[in-house]
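This report concerns only the one structure given below.
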Amino acid sequence: MARRLYRLKTLYEASFELGRFSLPGEIIDSFLLTVLGAMGITKGFALLIDRDEDGGQVCGRGFSSEELSLLETFLPRIGATYFSGVSTAESARLSRPHLLSVKERVGESPFPEDTEILVKWVINERRCGLLGLGSKIRQAPYAEEDHEFILSLCVILIQALRRASSLEDVTRLNSELQEKNAVMEKTLVRARNIGAELDRRVFFLKSLNDAVNELSGLMDSGELIQRFLLLAMGGLCAGKGYLVLFSGLEGHRTLALRGVPESLIDEAESGDVYRLITQELFSGGARQGEGVRRGYVDDPERLIRAGLPEDMPGAWFIVDESTFGFAGLGERLAKAPPLPEERDFLLTHAGAFAVFLKNARLFEQTRRLNEKLAAGNKELRETLENLTRTRLEADGLKLAKERIKSMVRHEMGRAERVTLLDFLMILGVSLVIGLFFNFAHPGGIPIIPPSWGRPAFTAMDATLARKAVETGGAILVDARPREFFEERRIKGAVNLPPSLFDFVYGMSMEGENPSREIIVYGRNVSRYYDEDVAERLRERGHENVKILSGSLSSWEEKGFAVEP
């Protein structure tokens, strides 16, 4: 009776003791000590087998390290031998441990030789184990009640291991849930950032749409300039801004200011701003769309060189060949530099403004022409009234008519016999008409083409020209307009079109040695650009200017390199 009470107490204490642990290794180690102590056994081992991983844990007391190492090595084999037929359904049936006789060992046994009892137990379809016990201290055989006690302890072990397995699953699921929550939080942050990005884009698109709708209905250039500046400041949340516009060959300046004193823009000259724009065009910083070239500048040094405020970056734009401008903004609510979306908004807004400004100026020009036409119509009406008053002179006009008819008949008779005198008379009349036209129109056509009066230039063959350029003694100059130059050109040639001669010459060729050989090419059917540029180079003091014979066509026929 006392032994029974002792074993019941041991079962209670074992249940309490194993319940304190959460790791399977700690549970097996404590269980083995409990079994050995309660039964008075000198040796024992416990195997926890994980069939999914073909491994597990080995815990032993009283056996040598070699014997325990052998057990650990044979764990996959032990699992395959003793538990290969255990299915999910069978694991439920084997929830109670199963006592094996040592004689039931299969094949060559991996267990120590003094193992007297084996207990097989299954936790779930994944984990199972074996308990091996040696002889008692008193060398007494195992009785039936010993078997029952060991099996009861194994039941407590199974419960503890299942609880630990469940806790392990909960911990793993919790870890996986935390990882998923972290991923979801990152996704949520990314979604919020994308939402904010989309909100910004929608705001700029709506602002741009509103600006285009508002500017498109304005036909007064002055009001259009003021409205553009206000809309640009509102779109970028700027506290101040300015717009400087240069037009005409003389660089007439128009200003629009909001929160900026005029003295801050006094140093902005047409040439300095145009030089800034030209540098942007040649450096690839320009954007072109809707036929308008524009770009963004935020470099303080470049703004200072152009005479513009260094702390007010902005957009430059070109309206037409003689009109360009710059819009600068400052004191933005966001202290950070403008975002790419904000730059795109300003550039698109500037492009639309340039188009509308061009339309407004065309409208103003049309209105002025209509006013002139109305004044002409008034003069025409007065003329008609004068003709009406001269109706009394109709008889005299009729007589003049008859005389004119007679003269015409006479002249028609002479038309069949044209003389040298008639040809000279026609030439004289044409000369008088041309002089009168040029007198009335200062920009009229020349009576004698300028090329007739200039000295002829020396022509150079393409082969000789190439040799002169390769030796470094000559410069190739492309005299065609910029668009033809961009389409196709001789490699290494400098573009110097007649329309931009003074400007481009001053930037790229002003310091050249006057005696250095210059070879000019570029002409078409209607105009000889090469001779015009060659003459202007000769006027600048260059003594050794020549014309490429056959122009670009002869160079290509020779198979020499061209760009792009």
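As a summary of the residue check, Gly25 satisfies the conditions (1) at pLDDT 85 or above; (2) within 60 Å of the chain's Cα centre (by Cα); (3) crowded, with 17+ Cβ neighbours inside 10 Å except for the one numbered (3). Counting the residues of region 19-44 that are among the charged types (D, E, K, R) and within 12 Å of Leu133 (Cβ to Cβ) gives 1.
Whether any residue in region 52-59 is outside any loop (DSSP other than H, G, I, E, B), at pLDDT below 85 and within 15 Å of Gly129 (Cα to Cα) is what I want to check. Yes, there is a match, as at least one residue in region 52-59 is outside any loop (DSSP other than H, G, I, E, B), at pLDDT below 85 and within 15 Å of Gly129 (Cα to Cα).
In contact with a Lys or Arg (Cβ under 7 Å, 6 or more places away or on another chain), surrounded by 13 or more Cβ atoms within 10 Å (Cβ to Cβ) and modelled with pLDDT of 80 or more, is that true of Leu276? Spelling it out, Leu276 is indeed in contact with a Lys or Arg (Cβ under 7 Å, 6 or more places away or on another chain), surrounded by 13 or more Cβ atoms within 10 Å (Cβ to Cβ) and modelled with pLDDT of 80 or more. Of the listed requirements (1) within 18 Å of Lys240 (Cβ to Cβ); (2) touching a residue at least 40 places away in the same chain (Cβ under 8 Å); (3) assigned to a helix (DSSP H, G or I); (4) not aromatic (Phe, Trp, Tyr), Leu347 misses just one: (1).
Might you check whether a residue that is over 24 Å from the mean Cα position of the chain (by Cα) and not aromatic (Phe, Trp, Tyr) occurs anywhere in region 333-346? Can you show your working first?
Narrowing region 333-346 to residues over 24 Å from the mean Cα position of the chain (by Cα): 333.
Of the ones still in play, those that are also not aromatic (Phe, Trp, Tyr) are 333.
Yes.
Picking from residues in region 279-308 that are part of a helix (DSSP H, G or I) and modelled with pLDDT under 85, the one that is surrounded by the most Cβ atoms within 10 Å (Cβ to Cβ) is Glu280.
Can we say Leu157 is under 57 Å from the mean Cα position of the chain (by Cα), in the same structural domain as Arg126 (by TED's automatic domain parsing), touching a residue at least 40 places away in the same chain (Cβ under 8 Å) and not in a loop (DSSP other than H, G, I, E, B)? Even if it seems obvious, please write down each step before you answer.
Details: under 57 Å from the mean Cα position of the chain (by Cα): no; in the same structural domain as Arg126 (by TED's automatic domain parsing): yes; touching a residue at least 40 places away in the same chain (Cβ under 8 Å): yes; not in a loop (DSSP other than H, G, I, E, B): yes.
The answer is no for Leu157.
All of Pro337, Pro313 fail the test of being at pLDDT below 85, surrounded by 10 or more Cβ atoms within 10 Å (Cβ to Cβ), under 30 Å from Thr278 (Cβ atoms) and not small (Gly, Ala, Ser), apart from Pro337.
Considering only residues of region 234-266 that are assigned to a loop (DSSP other than H, G, I, E, B) and under 32 Å from the mean Cα position of the chain (by Cα), which is surrounded by the fewest Cβ atoms within 10 Å (Cβ to Cβ)? So that I can check it myself, show each step before the final result.
To start, the set of residues in region 234-266 that are assigned to a loop (DSSP other than H, G, I, E, B) comprises 236-237, 248-251, 259-261, 266.
Pick out the ones that are also under 32 Å from the mean Cα position of the chain (by Cα) and you get 236-237.
Numbers: Leu236: 22, Cys237: 12.
For region 234-266, the residue satisfying everything is Cys237.
I need the full set of residues from region 73-94 which are at pLDDT 85 or above, surrounded by fewer than 16 Cβ atoms within 10 Å (Cβ to Cβ) and not β-branched (Val, Ile, Thr), in order please.
Answer for region 73-94, where residues must be at pLDDT 85 or above, surrounded by fewer than 16 Cβ atoms within 10 Å (Cβ to Cβ) and not β-branched (Val, Ile, Thr): Pro76, Arg77.
Test Gly37 against the criterion of being under 60 Å from the mean Cα position of the chain (by Cα) and not in a loop (DSSP other than H, G, I, E, B), and give yes or no. No, not satisfied.
From the set of residues in region 320-332 that are within 16 Å of Phe356 (Cβ to Cβ) and surrounded by fewer than 21 Cβ atoms within 10 Å (Cβ to Cβ), which is farthest from the chain's Cα centre (by Cα)? Write out each step before concluding.
Going residue by residue through region 320-332, those that are within 16 Å of Phe356 (Cβ to Cβ) are 320, 323-325, 327.
Add one more test, that the residue is surrounded by fewer than 21 Cβ atoms within 10 Å (Cβ to Cβ), and what stays is 320, 323.
Values: Asp320: 28, Thr323: 30 Å.
In this case the residue turns out to be Thr323.
On the given criteria, is Lys378 at pLDDT 80 or above and either assigned to a helix (DSSP H, G or I) or not assigned by TED's automatic domain parsing to the domain that holds Cys237 (or both)? When the stated conditions are applied, Lys378 passes them.
The values are calculated or read from the model by the stated rules, or taken from the named source; none is laboratory data. No experiment lies behind these values; they were computed from the predicted model shown. Don't worry about glycine lacking a Cβ; one is built from the backbone with ideal geometry, like all the others, and counts go over all protein chains shown.
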